[in-house]
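K.L.:
Take this structure, written in structure tokens, and hold onto it; I'll ask about it next.
The values are calculated or read from the model by the stated rules, or taken from the named source; none is laboratory data. What you see is a predicted model; the values in this text were computed from it and never measured. A quick note on method: Cβ atoms are made from the backbone with ideal geometry, for glycine too, and the neighbour counts reach across all protein chains shown. Side chains included, ligands, DNA and RNA excluded: accessible areas come from the protein's heavy atoms. Shrake-Rupley method; radii C 1.70, N 1.55, O 1.52, S 1.80 Å.
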Amino acid sequence: MRAGYVSIIGRPNAGKSTLLNHIIGEKIAIVSDKPQTTRTRILGTKNYSEEPASPKHPEGAKAGQIAFVDTPGIHRPLHRMNVRMVDAAVETLREVDAVMLVHDASSRAGHGDEYVSGLLTHVKVPVVLVLNKIDRINKSQLLPIIEQMRGWHEWSDIVPVSAQTGDGVEHLEQTLLAKMPEGEALFPEDYLTDQPERVLVSETVREKVLHNTRDELPFSTAVAIDQFEEPDRPGGLLRVYCTILVETESQKPIVIGRAGSMIKKIGTEARKDLEAFFNCKVYLDLRVKVKPDWRNDERALDDLGLPKRKR
Ligand SMILES: Nc1nc2c(ncn2[C@@H]2O[C@H](COP(=O)(O)OP(=O)(O)OP(=O)(O)O)[C@@H](O)[C@H]2O)c(=O)[nH]1
Ligand SMILES: [Mg+2]
């Protein structure tokens, strides 16, 4: 069989986390229409079994395992948090067996995309250019993008997909699997993700904050878990106490909302998702705290679990 690591990199909002979730078949990475949603590396594994040639797999499917590594979108960092985010993404390039560069094909490729491609100069492993969001464009619009991006790197393949509908994703996975080194599985077959349960909870709360707020707030919010109590019996209650951090006093009433309506909405939406994911009842306690300039506070970033620079 074949087994290896594939990192998913690209600009913010390209659809990297949506693609990871679609491949894994579980929502392990939060998604939003705001850029810079993902702040850390998120690993998710998928196992493949051998299949003979069929109309679905004209060349048959190989057996193996891929550990996919979703990363924060690459952008110009203006805070220490963002420096850590970009580092976390770039560092994967030295550690994986193949790379997927995800590009939003419904938007023009610009300087930012050229910059990301430039980071690949010294990458020795195959890099697949993934043109995502093809559900939003006509086929004829793909050709000029391919022409434009073709010269930016020696792509091993160029694969159009829709992470949302799943169009083209199986073909992408088989393309990647064929590039993995021969070897035994890296993780047990039932291993899904490296994300601890408490992180899945804090990220779900953050996703609901992102969905319900705009302007600067999505960028200046973080969620810390204060207490995490697992159910003490089957069918019991998972109790989680969280603090939503914001940067200024003026942001606090926005997250709380009139008579607490906004924080209630955030809590209800998060609780529903978590109950479905953990398959148990969830009690979620949310409070809001102002922590000025936390995005530049290295200790706060450590506490929030944002990966430290390796170099
Ligand atoms: N129409 C369409 N929308 C998509 C597709 N893939 C992702 N999206 C949307 O694009 C937005 C960004 O998706 P994410 O998966 O959060 O993007 P990301 O690349 O992980 O973004 P960062 O974490 O900020 O780097 C969300 O609103 C998704 O629903 C797609 O194939 N088609
Ligand atoms: Mg993401």
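K.L.:
Criterion first (open to solvent by less than 10 Å² (accessible area, probe 1.4 Å), out of contact with any Cys (no Cβ under 9 Å at 6 or more places or on another chain) and assigned to a loop (DSSP other than H, G, I, E, B)) does A109 satisfy it? Lay out the reasoning, then the answer.
P.N.:
Numbers: open to solvent by less than 10 Å² (accessible area, probe 1.4 Å): yes; out of contact with any Cys (no Cβ under 9 Å at 6 or more places or on another chain): yes; assigned to a loop (DSSP other than H, G, I, E, B): yes.
Yes; evaluated as a whole, the condition is true for this residue.
K.L.:
Name the residues in the stretch 1-25 that are touching an Asp or Glu at 6+ places or on another chain (Cβ under 6 Å) and under 19 Å from K124 (Cβ atoms), would you?
P.N.:
Selection gives R2, G4, Y5, I8.
K.L.:
Just one of E91, E26, E50 is within 23 Å of D303 (Cα to Cα) and in contact (Cβ under 8 Å) with a residue 12 or more places away in the chain; which is it?
P.N.:
On the way: E26 fails: within 23 Å of D303 (Cα to Cα); E50 fails: within 23 Å of D303 (Cα to Cα).
E91 is the lone residue from the list that is within 23 Å of D303 (Cα to Cα) and in contact (Cβ under 8 Å) with a residue 12 or more places away in the chain.
K.L.:
Please find, among V116, V199, V125, V205, the residue that is touching a His at 6+ places or on another chain (Cβ under 9 Å), of a type in the set (A, V, I, L, M, F, W, C) and at pLDDT 95 or above. Don't jump to the end; show me each part of the working.
P.N.:
On the way: V199 fails: touching a His at 6+ places or on another chain (Cβ under 9 Å); V125 fails: touching a His at 6+ places or on another chain (Cβ under 9 Å); V205 fails: touching a His at 6+ places or on another chain (Cβ under 9 Å).
Exactly one residue qualifies, and that residue is V116.
K.L.:
Right, another one. Go through the stretch 218-234 and report how many residues are in contact with a strand residue (DSSP E or B) (Cβ under 8 Å, 6 or more places away or on another chain) and either more than 21 Å from K265 (Cβ to Cβ) or open to solvent by 10 Å² or more (accessible area, probe 1.4 Å) (or both). First the steps, then the outcome.
P.N.:
Residues of the stretch 218-234 in contact with a strand residue (DSSP E or B) (Cβ under 8 Å, 6 or more places away or on another chain): 220-231.
Retained after the next criterion (residues that are either more than 21 Å from K265 (Cβ to Cβ) or open to solvent by 10 Å² or more (accessible area, probe 1.4 Å) (or both)): 223-231.
Qualifying residue count for the region: 9.
K.L.:
When you scan the stretch 253-270, do you find a residue that is open to solvent by less than 70 Å² (accessible area, probe 1.4 Å), under 30 Å from R80 (Cβ atoms) and in contact with a Ser or Thr (Cβ under 6 Å, 6 or more places away or on another chain), even just one?
P.N.:
Within the stretch 253-270, one or more residues are open to solvent by less than 70 Å² (accessible area, probe 1.4 Å), under 30 Å from R80 (Cβ atoms) and in contact with a Ser or Thr (Cβ under 6 Å, 6 or more places away or on another chain).
A quick yes/no check of all residues on (1) over 20 Å from the mean Cα position of the chain (by Cα); (2) farther than 22 Å from N132 by Cβ:
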| residue | (1), (2) |
| --- | --- |
| A61 | yes, yes |
| A67 | no, no |
| P72 | no, no |
| L78 | yes, yes |
| M81 | no, yes |
| A89 | no, no |
| V96 | no, no |
| H111 | yes, no |
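K.L.:
Within the stretch 290-310, how many residues turn out to be in contact with a helix residue (DSSP H, G or I) (Cβ under 8 Å, 6 or more places away or on another chain) and not hydrophobic (A, V, I, L, M, F, W, C)?
P.N.:
Number satisfying all stated conditions: 10.
K.L.:
Please enumerate the residues belonging to the stretch 83-103 that are open to solvent by less than 10 Å² (accessible area, probe 1.4 Å) and over 19 Å from H122 (Cα atoms).
P.N.:
First, the residues of the stretch 83-103 that are open to solvent by less than 10 Å² (accessible area, probe 1.4 Å): 85, 88-89, 91-92, 98-103.
M85, H103, listed by residue number.
K.L.:
A further question on this structure: It is to be established whether one or more residues within the stretch 125-143 are hydrophobic (A, V, I, L, M, F, W, C), open to solvent by 50 Å² or more (accessible area, probe 1.4 Å) and within 22 Å of S156 (Cα to Cα).
P.N.:
Keep residues of the stretch 125-143 that are hydrophobic (A, V, I, L, M, F, W, C), which gives 125, 127-131, 134, 137, 142-143.
Among the residues that remain, those that are also open to solvent by 50 Å² or more (accessible area, probe 1.4 Å) are: 143.
So of that shortlist, the ones also within 22 Å of S156 (Cα to Cα) come out as 143.
Yes, the stretch 125-143 contains a residue that is hydrophobic (A, V, I, L, M, F, W, C), open to solvent by 50 Å² or more (accessible area, probe 1.4 Å) and within 22 Å of S156 (Cα to Cα).
K.L.:
Still on this structure, I have one more. Being open to solvent by 60 Å² or more (accessible area, probe 1.4 Å) and in contact with an Asp or Glu (Cβ under 9 Å, 6 or more places away or on another chain): is that true of R76 here? Spell out how you get there, then give the answer.
P.N.:
Values: open to solvent by 60 Å² or more (accessible area, probe 1.4 Å): yes; in contact with an Asp or Glu (Cβ under 9 Å, 6 or more places away or on another chain): no.
No; evaluated as a whole, the condition is false for this residue.
K.L.:
Now for a separate question. Against the definition (modelled with pLDDT of 95 or more and either of a type in the set (S, T, Y) or more than 20 Å from the chain's Cα centre (by Cα) (or both)), how does A178 come out, yes or no? Talk me through it step by step, then tell me what you get.
P.N.:
Working: modelled with pLDDT of 95 or more: yes; either of a type in the set (S, T, Y) or more than 20 Å from the chain's Cα centre (by Cα) (or both): yes.
Judged against the criteria, A178 is a match.
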